[in-house]
Amino acid sequence: MTSMPDLIRKKRDGGALSEEEIRTFIRCVTDRTIEECQTGAMLMAIWQKGMVQEEIKTLTREIMSSGEVMSWPEEWAGLVVDKHSTGGVGDKVSLVLAPALAACGCKVPMISGRGLGHTGGTLDKLESIPGFNVRQSTAQIQEILRSVGCCIVGQTELLVPADRILYARRDVTSTVDSPPLIAGSIISKKGAESLYALVLDVKFGRAALYKDMDSARELAQLLVGVGTDLGMRTAAVLSRMDTVIGRCVGNSLEVMESLETLKGKGPADLMELVTALGGILLQMTDMASNELEGRRKIFDAVIGGAALGKFQAMMEAQGVAKETTLKLCSAHGDYHSVLKRSQHQMELETLSDGVVVDVCGLTLAEILNKLGAGRSRAEGLINHSVGAELLVSLGQRVRKGEFWLRLHYEAPAPSAEQISHLQGALVVEERGNYVVEDLVINVLLPK
Ligand code: IUR
C-alpha cells in the first residue's frame, strides 16, 4: 500500500490520485490514523494542484460513505428533495422554501449549517425561536417528514464524519476556497440525505464567496456534475449577492421577515428566489410539467397560507410549544412576545438627497457580526436580537435626513467608527440612475 507521504507527494507534484488512493486518504481521516499535519499538507496540495473531475467524484463518494447514508420509505421514491445555498446576507430562503415544498407534496430533510464568515446560518436563525431543536436523529427526521413533510436540522453525529474533520482542518489551513474541496463537502452531505433532486443556489457578487459570475458558474457546473454522478437530479441557479435579500439581516429579524413572507407579505426578491428554486425542484420531481408551472405552485403555496401551516407544524414537531407557534403564525404576528427584541434601536439618516444606487450587504454583515449577530466575535456566542432593517429600496429617491437603516443592538453601543462604516454601505447619487438587475441569472441543468 502507498504510504501517506507518497500520496501527499503525488498530489503535491500535480498527479491525479487513483480511486484506491483517495479511499485510503478518506479512511485514514475518518478513523483518525492520519497525522493532522498530513491532512493539512494534503489539503494544501489539493488546493494548489486541483483535482480532475474523476478525482472529485471519487472524493465526494468516499466522504459521503464515511458515515451513515439515510434511507427512506419506498413510497417516497421521487419525492425527497433539498436545496443548498453557498451563503448570503439576509438569506432566509430555506425558512420559506422548505415548508412551501412540503405543502406541494415533497419530502424535505433540509440539513442546514451555521453562520460561516460574514454569511448567516439557517440553524442560528431558527434557534432564535424559543424551543426550536435543530438536533434530531435520523429516526426523528423520518418521523417529522412522515407527519409534516419538512424539517430543518443540523448534521447528525453519524452523517459524513470525514467532512466534519476535513472542514475543521480547511478552516485552519486556509484551504476553504478550493472547488474540489467545496464540491466534496457540499455534495457528500446531500448524497448522504439520499435525495432524488437537489437544487443549488450558487451566489456571486460582493457579498458572496465568489465575487464574479464566471467563477460561480464554474463551481455550479462542477457541483451539478458531481451531484448527478451520485445519482441525484441536480440543477443550479446563479444568483446575484451584492446587497441584502429582503429587508432584514440578523437572526430574530429574519425569522420575522420569513413569517411575514409566509403570510403573503414578503419582499419581491425573496419571493423570486423561493419560487425560482422551488419551481426547478417541482419540475425535476415531475410535480410540475415545466418550471413556470412549478414556480406558480410554490407561489400559491406561500400566498395561500399552506406553507405557513407546514412551518407551524414543523416548529411544533421540532420542539416549539403550540402556544408559541400560534402567536408567531397568527395574522398579526405577536412576534415580540416570543422573539427576543434588542434593548436598543437606532435609525441612521441619509446624508444627502438623491437616488439609492447601492446598499453594500458585505459591509452591513461585517458590522452586524461585530455587534454580535454572527459567530465571528471572539466569544463565538450569537446574540439573536442583533440585526438591521433596511428602510429604503434600491432605486428609491431619498431626502437628506430620511432614515435608511434601523439598527437593533445590545450594549455596548456601536462605536463612531462602526457607524461611519455602516454609513459607507449606503450609496446615494444626486442624479442616480439605478438599473434593476435580474436577481436570478441563469439556471444550469444536468447535461
Ligand atoms: N458549506 C459546506 O457545507 N461546505 C463547504 O465547503 C462550504 C460551505 I465553502
Legend entry - Cβ-derived FRET efficiency at R0 35 Å, Phe403 paired with His332, nearest 0.05: 0.90
Inset, instruction - With a 10 Å radius around each residue's Cβ, average the other Cβ atoms per peptide and rank 426-439, 139-152, highest first. - result: 139-152, 426-439
Legend entry - Those aspartates and glutamates that a straight Cα-Cα span of less than 14 Å connects to Lys49, excepting residues fewer than 8 apart in one chain: Asp13, Asp177
Legend entry - On Cα atoms only, tilt of 251-260 relative to the major axis of the chain in degrees: 70
Inset, instruction - Could you please state how large a percent of the accessible area of the chain is carbon and sulfur, counting protein chains only and using a 1.4 Å probe? - result: 51
Legend entry - Check: segment 175-220 dipole with +1 on Lys, Arg Cβ and -1 on Asp, Glu Cβ, in debye: 100
Legend entry - Counting all C-alpha pairs of segment 264-354, share separated by more than 18 Å (%): 62
Inset, instruction - Treat segment 1-151 as a sphere of radius equal to its Kirkwood radius over Cα pairs and apply Stokes-Einstein at 10 °C in a medium of 1.306 mPa s; give the translational diffusion coefficient in µm²/s, rounded to a whole number. - result: 87
Legend entry - Gain in span if fully extended, Arg169 to Trp76, counting 0.36 nm per residue against the direct Cα distance: 29.8 nm
Inset, instruction - Provide, in order from the shortest bin, the percent of all Cα-Cα pairs of segment 40-85 in each 5 Å bin, continuing until the bin that contains the maximum pair distance. - result: 5, 14, 14, 19, 20, 12, 7, 6, 3, 0
Legend entry - Rounded Å value of the spacing that divides the Cα centres of segment 295-374 and segment 379-447: 15
Inset, instruction - Calculate, for Ile441 and Lys49, the FRET efficiency according to 1/(1 + (r/R0)^6) with r their C-beta to C-beta distance and R0 41 Å; round to the nearest 0.05. - result: 0.85
Inset, instruction - Could you work out how far apart the two model spin labels at Leu391 and Asn433 are, taking each label as a point 7 Å from the Cα in the direction of the beta carbon, and quote it in nm? - result: 3.0
Legend entry - Extension gain, Ser289 back to Thr33 (0.36 nm per residue minus Cα-Cα distance, nm): 87.1 nm
Inset, instruction - Starting from the Cα of Glu218, move 7 Å in the Cα-to-Cβ direction to define the label point; list residues of segment 171-193 whose amide nitrogen is under 18 Å from there. - result: 175-185
Legend entry - Pairwise label distance in nanometres, Arg135 with Leu351, each label 7 Å out on the Cα-Cβ vector: 4.7
Legend entry - Virtual spin-label span in nm between Arg296 and Arg9, 7 Å along Cα→Cβ: 6.5
Legend entry - Normalised contact order of the chain, rounded percent, pairs of Cα under 8 Å and 6 or more residues apart: 18
Inset, instruction - Counting residues in segment 62-143 as N, plug N into 2.2 N^0.38 Å and put the Cα Rg over that result. - result: 1.20
Legend entry - Pairs beyond 22 Å (Cα-Cα), from Lys125/Lys370; Lys57/Lys211; Lys83/Lys125; Lys92/Lys310; Lys57/Lys83; Lys11/Lys211: Lys57/Lys211; Lys11/Lys211
Inset, instruction - May I ask you to derive the FRET efficiency for Ser420 and Arg23 from their Cβ-Cβ distance with R0 = 51 Å, giving the value to the nearest 0.05? - result: 0.45
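Would you mind getting the accessible area per residue of the chain, heavy atoms of the protein chains only, 1.4 Å probe, in Å²?
Spelled out: the 1.4 Å probe surface of the chain, per residue, equals 41 Å².
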Legend entry - Among Ala220, Ala102, Ala416, residue whose mean-square fluctuation peaks in a GNM of the chain (springs only between Cα atoms under 10 Å): Ala416
Inset, instruction - Would you mind giving the average projected area, over all directions, of the Cα convex hull of segment 206-300 in nm² with one decimal? - result: 7.2
Inset, instruction - Return P(r) of the chain (all Cα-Cα pairs; 10 Å bins starting at 0; whole %; ordered from short to long distances). - result: 4, 21, 30, 26, 14, 4, 0, 0
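The values are calculated or read from the model by the stated rules, or taken from the named source; none is laboratory data. Values in this document were obtained by computation on a predicted structure and should not be read as measured data. Cβ atoms come from the backbone with ideal geometry, glycine included; neighbour counts cover every protein chain shown. Only protein heavy atoms, including side chains, enter the accessible area calculation; ligands, DNA and RNA are left aside. Shrake-Rupley method; radii C 1.70, N 1.55, O 1.52, S 1.80 Å.
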